[in-house]
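The values are calculated or read from the model by the stated rules, or taken from the named source; none is laboratory data. From a predicted model like this one, the values you see are computed outputs, not experimental measurements. Cβ placement follows ideal geometry from the backbone for every residue including glycine, while neighbour counts extend to all protein chains displayed. When the accessible area is computed, the model is the full protein with side chains, heavy atoms only, and any ligands, DNA or RNA have been set aside. Shrake-Rupley method; radii C 1.70, N 1.55, O 1.52, S 1.80 Å.
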Amino acid sequence: MLPGPIRIDAVLTGRAVDYTRPGSRSAIDKRPIADAARVDINGIVGDEQGDLRVHGGPDKAIHHYPFDHYAVWQTDIGDRPVLAQPGAFGENLSTTGVAEADICVGDRLRAGSVVLEVSQLRQPCWKLNDRFSMDDNPVRDMARRVQLTGRTGWYYRVLEGGTLCVGDTLEWVARPWPQWPLARVLDVLYRNMLDRAALTDMLALPLTPSWRKLVEGRLARGEVESWTKRIDGPALSD
């Protein structure tokens with residue numbers, strides 16, 4: 001049985017600006033918009049990404065982060081300004097009532113006139129460390145915390161462009177891989193990381209090119225790729 005409809009509580013976009021470390025740019029500071037958002041293959045028209053090598057593009061067109069996680073983060077790291085409203089994690093869509101255990105790789109959903117497909121989990125990067133270190137109580141390992149807790153959010157591909165807005169509902173159209181909720185993918189990626197049977201099964205999914213390379217690499221080498229560059233980033237003094 002497919003999940004019931006989920007209301008979109010916020011639609012957010014951002015502009016790429018110079019960020020915290022020399023030479024870096026980011027549009028992680030997403031802000032809510034009130035008007036209907038036009039959506040094409042690359043996501044919400046007008047939304048930007050600071051580094052198109054690792055963010056955005058058709059396989060990571062729209063980022064969805066459950067607002068349900070915010071209260072848990074406040075318990076974990078304290079009630080801080082960045083957690084006061086949606087947008088702390090650079091998300092484009094904010095909802096309550098659905099999380100990584102409730103949605104599967106390849107799920108297809110309709111929102112407004114837009115059809116989306118779940119493409120992959122968000123792999124957190126060092127820019128979250130800096131975003132959560134802009135007050136008197138810095139959390140310099142936020143990316144690692146996001147990864148280890150499994151509270152990552154996920155990305156969509158856009159199968160059919162159109163418009164969506166706050167108050168629209170996300171309604172499930174199809175679930176071709178019900179055996180692969182995102183929580184299971186998280187377990188394979190970050191906990192049981194060299195489970196060859198699970199990794200082999202993952203190759204049957206519509207993986208993004210980067211994830212297919214990751215899975216094939218683990219199977220070929222029998223070891224886990226380094227996360228240091230992604231999670232820790234360049235030295236602040238560079």
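The table for this structure:
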read-out	value
Any hit, the stretch 7-15, residues being part of a strand (DSSP E or B), at pLDDT 95 or above, surrounded by 14 or more Cβ atoms within 10 Å (Cβ to Cβ) and touching a Phe, Trp or Tyr at 6+ places or on another chain (Cβ under 9 Å)	yes
Test result for ASP136, of a type in the set (Asp, Glu), on the phi < 0 side of the Ramachandran plot and open to solvent by less than 40 Å² (accessible area, probe 1.4 Å)	no
Complete set of residues in the stretch 16-31 that are outside any strand (DSSP E or B), open to solvent by less than 30 Å² (accessible area, probe 1.4 Å) and farther than 17 Å from TYR65 by Cα	ALA16, ARG21, SER24
Residue list for the stretch 142-179, filter: within 30 Å of GLN74 (Cβ to Cβ), crowded, with 22+ Cβ neighbours inside 10 Å and not polar (S, T, N, Q)	MET142, ALA143, VAL146, ARG151, GLY153, TRP154, TYR155, TYR156, LEU164, LEU170
Within the stretch 96-204, helices (runs of 4 or more DSSP H) holding 2 or more residues that are in contact (Cβ under 8 Å) with a residue 60 or more places away in the chain and under 20 Å from GLY233 (Cα atoms)	127-131, 142-149
Per-region count, the stretch 207-226, residues open to solvent by less than 90 Å² (accessible area, probe 1.4 Å) and of a type in the set (S, T, N, Q)	2
Filter pass, VAL188 being under 15 Å from the mean Cα position of the chain (by Cα), open to solvent by less than 10 Å² (accessible area, probe 1.4 Å) and of a type outside the set (S, T, N, Q)	no
Within the stretch 20-72, tally of residues that are closer than 20 Å to ASP135 by Cα, touching a strand residue (DSSP E or B) at 6+ places or on another chain (Cβ under 6 Å) and of a type outside the set (Lys, Arg)	0
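Residue-by-condition table, conditions (1) closer than 19 Å to LEU159 by Cβ; (2) in contact with a Pro (Cβ under 9 Å, 6 or more places away or on another chain):
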{"site": "ILE6", "(1), (2)": "yes, no"}
{"site": "THR20", "(1), (2)": "no, no"}
{"site": "ARG31", "(1), (2)": "no, no"}
{"site": "HIS55", "(1), (2)": "no, no"}
{"site": "ASP76", "(1), (2)": "no, no"}
{"site": "ALA99", "(1), (2)": "no, yes"}
